[in-house]
Amino acid sequence: MVSQAVGNQAQIKEGKTQSAAVVQEACKPFLRWAGGKRWLARSLAPILRRHLDTSGGTYIEPFLGSGAIFYATAPARAILNDLNEDLVLAHAAVADVPDYLVKALASLPVDRETYNAVRELAPKSPFERAVRMIWLNRTCYGGIHRTNKQGQFNTPYGGGSRRPDVLWREGIVEGCAQVLSGDIDLTVGDFEAAIDRAGDGDVVFCDPTYSNPNRDHFDRYGPSVFSWADQVRLSSACRRALGRGATVIVTNGAYSQLAEIYPDAYRITLKRATSMGVRRKAGTDDEYLFILDPWKRRRKWAGLGEIENRLKQAAEASRVSALSEARRPKVQAPRAIVRPIEPVLD
Ligand SMILES: C[S@@+](CC[C@H](N)C(=O)[O-])C[C@H]1O[C@@H](n2cnc3c(N)ncnc32)[C@H](O)[C@@H]1O
């Protein structure tokens, strides 16, 4: 494992993504995350990997979550961003101090009492915030990150097989640390600033909180709500990145209103297996994949599913952009995480 890690790091430093075989072993994300894209990684990551190896560009993921596509792609250079600071600190701690992290996670007994006590804690140090985030994620009910209106984590204890041990038994932390050993920039903030950094040859993968435009509030990740205006703002930022030569991929719920705000993107409907035995109406688990390709290489993406549309004229796309530009709020610059994370030793 150690010699494999050294080889992988040399490859990453050369500016190449890691080989498919290594990634199959090392690609599992260390968090479970609602809306996580592990199921899509097998088909999408090889395409993104080939693209980045050819273009030498940067991989950008503005809605990182567990980073399933990032870890499967294993790019040499990446910009990773999320609004959730504890989550970004968790990725940073895996990158900087994986061994200390595993030691700290393994030191906590897995039982309801400890769980409730850890959930109440509000540690200040970046390392302890990362440990708390990862440990709660691996021991909470269903791996669901749910918070109240004050932003406090309130998912109940998971019990049973919900334990963090798998992270070191299966070498998941070690694998993720290898993938993070490239040139990786971790930031906390709104998606728009991260997308605005994309340029020629870069790949932007956007997996926002899904919006049902038929309701006036949408799914929650933390105390803020991802509104319909955010979805429109996202489509506009993606189009600007496209104009600078970046390839942009956006996933979203399969709502026709969303298709209207990506008139210049290839659209594929992905059918997801219904998760966790929840009964849903047929079709409600469908997701759209929008692909904004500066070279319009239709065939390159066909392996992901049937491309259902013809691209609309540029005039239609610029009409949508003009609408969203008019309502564009000022966005704060993202904050970089102070690295390396310092371990806290008891
Ligand atoms: C569907 S999840 C991403 C899941 C990820 N693709 C994975 O594989 O786990 C959406 C993420 O967007 C983040 N988020 C929500 N609003 C945001 C915003 N305005 N800017 C940046 N990130 C945001 C949430 O914290 C959450 O982690």
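One line per residue, one yes/no per condition, for (1) more than 16 Å from the ligand (Cβ to nearest atom); (2) at pLDDT 95 or above:
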residue	(1), (2)
264	yes, no
274	yes, no
279	yes, no
282	yes, no
287	no, no
294	yes, yes
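If the condition is being of a type in the set (D, E, K, R) and within 8 Å of the ligand (Cβ to nearest atom), then segment 52-72 contributes only 61. Looking across segment 10-23 at every residue that is surrounded by 14 or more Cβ atoms within 10 Å (Cβ to Cβ) and not aliphatic (A, V, I, L, M), the one that is modelled with the highest pLDDT is identified as 17.
Among the residues of segment 46-99, write down those that are charged (D, E, K, R) and either touching a residue at least 60 places away in the same chain (Cβ under 8 Å) or assigned to a strand (DSSP E or B) (or both). Within segment 46-99, 61, 77, 82, 85, 96 qualify. Checking 97, 102, 6 one by one, the residue that is at pLDDT below 95 and of a type outside the set (Ser, Thr, Tyr) is 6 and no other. Listed by first and then second residue, the pairs with beta-carbon distance under 8 Å, at least 6 apart or on different chains, first residue in segment 235-263 and more than 23 Å from residue 55 (Cα to Cα), second among the basic types (Lys, Arg) and surrounded by fewer than 19 Cβ atoms within 10 Å (Cβ to Cβ), are 236/328; 263/312.
Applying the set (1) closer than 29 Å to residue 185 by Cβ; (2) modelled with pLDDT of 65 or more to residue 324 leaves exactly one unmet item: (2).
Yes/no matrix, rows are residues, columns are (1) within 18 Å of residue 187 (Cα to Cα); (2) surrounded by fewer than 17 Cβ atoms within 10 Å (Cβ to Cβ):
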{"residue": "82", "(1), (2)": "yes, no"}
{"residue": "92", "(1), (2)": "yes, no"}
{"residue": "100", "(1), (2)": "no, no"}
{"residue": "107", "(1), (2)": "no, yes"}
{"residue": "111", "(1), (2)": "no, yes"}
{"residue": "116", "(1), (2)": "no, yes"}
{"residue": "121", "(1), (2)": "no, yes"}
{"residue": "130", "(1), (2)": "yes, no"}
{"residue": "142", "(1), (2)": "no, yes"}
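Filtering segment 183-231 to residues that are within 19 Å of residue 30 (Cα to Cα), in contact with a Gly (Cβ under 9 Å, 6 or more places away or on another chain) and either more than 15 Å from the ligand (Cβ to nearest atom) or at pLDDT below 85 (or both) leaves only 221.
Going by what's in this entry, would residue 199 be described as assigned to a loop (DSSP other than H, G, I, E, B), surrounded by fewer than 19 Cβ atoms within 10 Å (Cβ to Cβ) and within 21 Å of the chain's Cα centre (by Cα)? Answer is yes for this residue. The residue of segment 73-99 that is farthest from residue 206 (Cα to Cα), among those that are within 14 Å of the ligand (Cβ to nearest atom) and of a type in the set (Gly, Ala, Ser), is 90. Summed over segment 242-269, residues that are of a type outside the set (S, T, N, Q) and under 20 Å from residue 40 (Cβ atoms) total 14.
Out of curiosity, is residue 147 surrounded by 14 or more Cβ atoms within 10 Å (Cβ to Cβ) and either of a type in the set (D, E, K, R) or closer than 30 Å to residue 232 by Cα (or both)? Step through it out loud before you land on a result.
Details: surrounded by 14 or more Cβ atoms within 10 Å (Cβ to Cβ): yes; either of a type in the set (D, E, K, R) or closer than 30 Å to residue 232 by Cα (or both): yes.
Taking the combined requirement at face value, the residue satisfies it.
Contact map, segment 176-192: first residue farther than 30 Å from residue 232 by Cα, second residue part of a strand (DSSP E or B) and away from the ligand (no atom under 15 Å from the Cβ), Cβ cut-off under 8 Å, separation 6 or more or different chains; pairs are 182/77; 183/77. Among the residues of segment 162-172, is there at least one that is assigned to a helix (DSSP H, G or I), within 15 Å of the ligand (Cβ to nearest atom), in contact (Cβ under 8 Å) with a residue 40 or more places away in the chain and under 20 Å from residue 68 (Cβ atoms)? Yes - at least one qualifying residue is present in segment 162-172.
The values are calculated or read from the model by the stated rules, or taken from the named source; none is laboratory data. This one's a predicted model, so the numbers in the text were calculated from it and none came from an experiment. Don't worry about glycine lacking a Cβ; one is built from the backbone with ideal geometry, like all the others, and counts go over all protein chains shown.
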